[in-house]
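Where a number appears in this text, it was derived from the coordinates with a stated rule and is not lab data. Bear in mind that the values here come from a model prediction, so they are computed numbers and not experimental data. Please note: Cβ atoms are built from the backbone with ideal geometry, for glycine as well, and neighbour counts cover all protein chains shown.
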Amino acid sequence: MAVGLCVPYAPALTMRCATILLLASLWVAGCKQNIGDSCSGSINCSRTGERQCDLAQPGGYCTVFSCAPDTCPQGACVEWRFTPSRTAQTWCMKTCNDTANCRAQYSCVFPGQITASGGFNENGGEKVARIVDLNSYKATAKICVALAPDAVVPSLQQSELDAGL
């Protein structure tokens, strides 16, 4: 039995084939958008489907629907409308330090400050959103969110910026 008969002839890759394979792999990998980036369809967020575009948000919002605690590729996993629990939904949301970290039409707020009507209440009230991550930094973070058009978010006071020092 001849060993040479078991190995099929394999022509060397030409430069053209190698270039086509490289371009195809780059197209499949694509440039992933970050959580909170604008989009017009889910293909803008991820070519492989792990991120979706929430078109209900102004300019679209790249996110991951039905996230579990500590699973978001960036940002934090936020649970919305958690009372009663059967109405709860989780989405990855971009975290921020202040509104300058968010896109136009978005505000940087603590989830507990968002009202049921999409407004802002500095003192909280009926909670409609909360971060479910266990990571202590993420669990206490602010998120970039589109509030109702008439919502007014006060700018940070100097005492908030320097923690009162």
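For this structure, a couple of remarks:
- The Cα center of segment 34-58 and the Cα center of segment 128-142 differ in position by 22 Å.
- Computed from the C-beta positions of Glu126 and Ala56, the FRET efficiency with R₀ = 30 Å rounds to 0.90.
- A simple charge model with +1 on the Cβ of Lys and Arg, -1 on the Cβ of Asp and Glu and nothing else charged puts the dipole of segment 64-150 at about 160 debye relative to its Cα centre.
- Full extension of the segment from Phe65 to Thr48, taken as 0.36 nm per residue of separation minus the current Cα-Cα distance, would add 4.7 nm.
- The slack in the chain from Ser117 to Arg86, taken as 0.36 nm per residue of separation less the alpha-carbon distance, amounts to 9.2 nm.
- Reachable aspartates and glutamates from Lys138, criterion Cα separation under 12 angstrom, eight or more residues apart if same chain: Asp70
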